[in-house]
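Step one of this worksheet: look at the structure below.
The values are calculated or read from the model by the stated rules, or taken from the named source; none is laboratory data. Since we're looking at a predicted model, the values are computed, not measured. Reconstructed Cβ throughout: ideal geometry from the backbone, glycine too, with neighbour counts over all protein chains shown. Note: areas computed on protein heavy atoms with side chains; ligands, DNA, RNA excluded. Shrake-Rupley method; radii C 1.70, N 1.55, O 1.52, S 1.80 Å.
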Amino acid sequence: MPGPMVGRARQLAELVRVWSVVANSDNPASRAAVITGEAGVGKSLLVAVALEEFSPRPASVLFGTARVHSPAPYDWLAAVLGGRDLNDLPGPPDALAWLAQRPDAPQERYAPTAMLRLAVRVVRALVGDGPAVLVVEDLHALDPASLNLIGELARTPDLPVLLIVTSQPPGSAVAPQLAARTLARVSGTPGAVRQHLTPLGRADVAEMLRHAYAGCGEVSAKVVRAVWERTGGNPYLVNELLATARHRRPEALLLEPLPDHLRPATCSSAPVAVDLTDREIEVLRCLAAGMSNKQVARSLGISIRTVAVHVSNLLRKTRSASRTEAALWAIRHDLVRDVGTPVA
């Protein structure tokens with residue numbers, strides 16, 4: 001995977017910095033880092049590289065995510081407890097077995113509030129004196145009980161941890177409203193880091209290709225543009241395209257097909273002449289920068305209701321099914337000079 005941190009150096013440095021604050025603090029306290037973005041933009045890869053960069057090394061890393069097929073209560077904690085000995089953890093053995101989703105766990109159920117308190121105690125016991133890292137992958141796919149636990153952990157006092165959360169937009173979540181509230185709760189904690197990963201710009205895609213074809217000569221601007229347009233700047237799709245053309249010249253990227261299930265919904269659409277107003281273009285650039293409607297309104301000095309009208313018109317005019325598709329449309333039509341900065 002060539003140049004995995006291309007376009008993500010600033011975000012990586014920010015995660016390393018906030019870990020240094022947690023690890024070197026004389027007063028145990030938690031910090032949070034929330035990383036959002038569409039599938040394939042590199043959220044998990046950013047976290048993996050950051051964990052390798054952390055110094056001093058975490059005393060422990062508790063990693064959890066949702067089940068592949070269907071969410072179950074306390075999926076995140078069950079993943080953390082997988083393969084661990086439960087005997088040294090606080091709490092009744094049957095309740096611990098239920099939290100760990102052991103197949104032989106008794107069917108007796110505890111009150112939800114009691115299970116939540118027990119889950120927090122278990123995490124605190126696993127962290128010990130720390131400092132530790134809690135990684136919550138794909139928060140959008142987690143069950144409501146896990147979301148409640150993550151919200152509690154973000155505000156648990158005297159817990160020496162860095163809580164790193166990755167998530168797709170709440171609209172794709174198992175419990176959209178609860179996921180949105182959990183992200184807001186975690187993001188609102190003191191000293192929290194909030195990152196939204198957007199697709200890569202053309203210059204970043206060019207850097208990825210230079211890494212991939214180092215020693216094979218210059219990659220032409222034509223190839224760079226084609227790869228950028230075909231993948232929408234999605235790092236995962238760029239790497240998939242490189243994998244299909246492995247051991248071939250860069251020119252193969254012009255024609256090498258992507259598997260059907262990896263093609264962005266709009267990548268095969270022919271360019272369409274769209275009549276956008278100046279204000280709609282300004283809003284579109286803000287969407288490409290990952291701004292919410294409230295942030296767009298503040299940036300452009302207009303009301304949130306007006307922003308919503310512009311967004312609706314943009315989706316209709318660009319034939320996009322989501323804000324992200326509209327942002328990718330803007331990138332492919334050279335309406336965004338710098339994806340990370342809205343242009344007024």
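A few remarks follow.
Matching residues to (1) among the basic types (Lys, Arg); (2) in contact with a Pro (Cβ under 9 Å, 6 or more places away or on another chain); (3) in contact (Cβ under 8 Å) with a residue 12 or more places away in the chain:
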{"residue": "11", "(1), (2), (3)": "no, no, yes"}
{"residue": "17", "(1), (2), (3)": "yes, no, no"}
{"residue": "21", "(1), (2), (3)": "no, no, yes"}
{"residue": "26", "(1), (2), (3)": "no, no, no"}
{"residue": "33", "(1), (2), (3)": "no, no, yes"}
{"residue": "46", "(1), (2), (3)": "no, yes, yes"}
{"residue": "49", "(1), (2), (3)": "no, yes, yes"}
{"residue": "52", "(1), (2), (3)": "no, no, no"}
{"residue": "58", "(1), (2), (3)": "no, yes, yes"}
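- Any hit, region 245-255, residues being out of contact with any strand residue (DSSP E or B) (no Cβ under 9 Å at 6 or more places or on another chain) and modelled with pLDDT of 90 or more: no
- If only residues of region 105-132 that are among the hydrophobic types (A, V, I, L, M, F, W, C) and modelled with pLDDT under 90 are counted, the one that is surrounded by the fewest Cβ atoms within 10 Å (Cβ to Cβ) is 111.
- Test: residue 201 is more than 27 Å from residue 136 (Cα to Cα) and modelled with pLDDT under 90: no
- Among residues of region 138-163 that are on the phi > 0 side of the Ramachandran plot, those with a beta-carbon under 9 Å from a residue that is among the polar types (S, T, N, Q) at least six positions away or on a different chain give the pairs 138/44; 138/65; 138/166; 138/167; 138/168; 158/27; 158/30.
- The set of residues from region 256-289 being at pLDDT 80 or above and open to solvent by 30 Å² or more (accessible area, probe 1.4 Å) comprises 275, 277, 278, 279, 281, 282, 285.
- For region 160-197, the set of residues classified as of a type in the set (Val, Ile, Thr) and surrounded by fewer than 22 Cβ atoms within 10 Å (Cβ to Cβ) consists of 174, 189, 193, listed by residue number.
- Only listed residue being touching a Gly at 6+ places or on another chain (Cβ under 8 Å) and either touching a residue at least 60 places away in the same chain (Cβ under 8 Å) or over 18 Å from residue 37 (Cα atoms) (or both), chosen from 133, 122, 193, 174: 122
- Yes/no for residue 312 being touching a residue at least 40 places away in the same chain (Cβ under 8 Å) and in a helix (DSSP H, G or I): no
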